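The values are calculated or read from the model by the stated rules, or taken from the named source; none is laboratory data. Keep in mind that this is a model prediction, so the values were computed, not measured. Protein only, heavy atoms only, side chains kept; ligands, DNA and RNA dropped before computing areas. Shrake-Rupley method; radii C 1.70, N 1.55, O 1.52, S 1.80 Å.
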Amino acid sequence: MLSIAREIVKRDPKIQLLYVGSLKDSDRQLVTAAGIKFIGLPAGKWRRYFDLRNLFDVVVTLVGFLMALGVVIFFWPNRVLVRGGYVGVPVGLAAWLLGRRLILHESDAVMGVANRILAPLASRICVSFPLEAYEGSKKVINKLMFTGVPINEEFYNKTIGQIDLPLNDKKPVVLVTGGSQGAHAINQLVQNSLPQLLNEYQVVHQTGVADYAGAQSWKASTDQAKDYHPIDSLLNTQMASLMKRSAVIISRAGATAAFEIAATGRPAILIPLPGSANNHQYANAKYLSDKGAAVLLPQSEATPTVLAERVERVVRSDMGKRLAFNIRELANPEAALAIAEEILK
């Protein structure tokens, strides 16, 4: 969202921006650091199973909606952009009720609950995947506009920045990432695969904070681990440089991760998070797999032997080149600009 905000201000520095987010301090800090006004609203989460917290969260959402009405009336925006999420529902409903133009952005290959609720009310829905991915959204298909996902420009920069790891050119690099928090199941899978992988590859493993100590302990316990490099977290610049340096990337299948991989044009093995909302990670990975742009490996089928075999096929055959070419075709470095222009129409 911040990259879209920057594009809007570039085109008209006089425009006033207001970011309405959750009550999390991390949201507020990130936005205010960019010089944008921020208001936090309460919003309930709807769980797809019986839970008494759903009843409480209905009340929270109602309170959030009443507060959103006040925010929209006071700020009186010409345009409202909602990028999914539970905070977006009360804000979007308030904007529509008060006659403000509503624009949505959908990051995944399947619409989330929040955007499905708001879609009939929106004037335009910017989507991240080509329109053919949204065949299930026939009622709003005329509102869809393919823009891609705005990501940090570092991923499009062809220069490989400084990598403070003892990597060499003799072994291909396998990069493993489970997102900023890491992915415990992928971490376990990779750790069990290391005896096979380290014979042929250097493995850079972004573990997240929770599993970092265990990965470091394993590295210290064996002489085989000189080509194993666990890291708890990475800045965007570091992640971009490592992606560009990698022969293959093993990752979850969130939209941001998928399009960061597309921007760097590297072959990827995607292991979707089971049970993600609307199974959106599987939908993302399935679309890319069907287009020959990534390897889909369901977590239920992911064993150390299978993972090592997939890595070998990608790195040691023409498959890697085909995957890299096809996923690069889906990248759009002008995604933030396209959304900003639609907002300013």
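Table for the structure above
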item: List Asp27, Asp169, ordered by accessible area with a 1.4 Å probe, largest first; result: Asp169, Asp27
item: The range 76-85 - phi-based ³J(HN,Hα) in whole Hz, Karplus 6.51/-1.76/1.60, Gly and Pro as x; result: 6, x, 6, 9, 10, 9, 10, 10, x, x
item: Filter on Lys244/Lys321; Lys10/Lys345; Lys139/Lys291; Lys171/Lys244; Lys170/Lys244 - keep pairs with C-alpha separation over 18 Å; result: Lys139/Lys291
item: 222 nm mean residue ellipticity, helices alone, for the chain (DSSP H n ≥ 4; -39,500 (n - 2.57); rounded to 500); result: -13000 deg cm²/dmol
item: The chain, relative contact order [Cα under 8 Å, separation at least 6], %; result: 15
item: The range 254-345 - percent of accessible surface contributed by carbon and sulfur, probe 1.4 Å; result: 51
item: Of every Cα-Cα pair in the chain, the percent that sits beyond 29 Å; result: 43
item: The range 61-170 - percent of accessible surface contributed by carbon and sulfur, probe 1.4 Å; result: 58
item: When the range 78-180 is reduced to its Cα atoms, the Kirkwood hydrodynamic radius in Å; result: 16.2
item: Among Thr207, Thr237, Thr264, residue whose mean-square fluctuation peaks in a GNM of the chain (springs only between Cα atoms under 10 Å); result: Thr237
item: For the range 1-142: accessible area per residue (Å², 1.4 Å); result: 57
item: Helix runs (DSSP H) in the chain reaching 27 Å along axis by Cα, Kyte-Doolittle at least -1.0; result: 53-75
item: For the chain, built as a Gaussian network whose Cα springs stay under 10 Å, the top-fluctuating residue of Gly112, Gly292, Gly275; result: Gly275
item: Accessible area, probe 1.4 Å, largest first, for residues Asp25, Asp108; result: Asp25, Asp108
item: Fraction in percent of alpha-carbon pairs per bin - 5 Å, the range 219-345; result: 2, 10, 17, 20, 20, 16, 8, 4, 2, 1, 0, 0, 0
item: Solvent exposure of the range 206-248 as accessible area per residue, Å², 1.4 Å probe; result: 46
